Amino acid sequence: NAGILNFQCPACREIVQFSSEMMRLGIQIPIRGATWLNPDINASLLQRHRRCNASECLSPGGRQYAERQGPWQLLLCRSCAAEGTHRRCSALSSDTNTWECEGCAGVGTGKRQTATCRWLGARQGLA
């Protein structure tokens, strides 16, 4: 991803000797700038998720409609921010400020479950 212009030793950051040694060893280094500096490649990373991913979106304005507050406020997953939901579509109260998608919280939960050790419960006669 760095390309020849940003290729350097990860330990000491030396450029010239490190690059020539890597080329001598047969490591191909692309002649280009760093990919993270290309605005076209990173444009999608700067976009905020803007749609409701609930299995059934109830919004009269559609999945992409969002308000700043209220039942149609779009909350993004607090872990991945790759999915969102309207408050009403996930039956979230007005005082709920965070939400997690099923992929991050666990299928069928809609919220993060606290992991419990089954061995600990068995020892205590709970399992």
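The values are calculated or read from the model by the stated rules, or taken from the named source; none is laboratory data. Nothing here was measured: the structure is a model prediction, and the numbers come from that model. Reconstructed Cβ throughout: ideal geometry from the backbone, glycine too, with neighbour counts over all protein chains shown. The area values use the complete protein model at the heavy-atom level, side chains included, leaving out ligands, DNA and RNA. Shrake-Rupley method; radii C 1.70, N 1.55, O 1.52, S 1.80 Å.
For the stretch 77-87, a residue qualifies if it is open to solvent by 40 Å² or more (accessible area, probe 1.4 Å) and touching a Gly at 6+ places or on another chain (Cβ under 9 Å), and the qualifying residues are Ser79, Cys80, Ala82, Glu83. Residues that are at pLDDT below 95, within 30 Å of Glu102 (Cα to Cα), surrounded by 12 or more Cβ atoms within 10 Å (Cβ to Cβ) and touching a strand residue (DSSP E or B) at 6+ places or on another chain (Cβ under 9 Å): does the stretch 35-50 have at least one? There is at least one residue in the stretch 35-50 that is at pLDDT below 95, within 30 Å of Glu102 (Cα to Cα), surrounded by 12 or more Cβ atoms within 10 Å (Cβ to Cβ) and touching a strand residue (DSSP E or B) at 6+ places or on another chain (Cβ under 9 Å). Checked against the criteria, Gly121 counts as of a type outside the set (Phe, Trp, Tyr), modelled with pLDDT under 90 and surrounded by 10 or more Cβ atoms within 10 Å (Cβ to Cβ).
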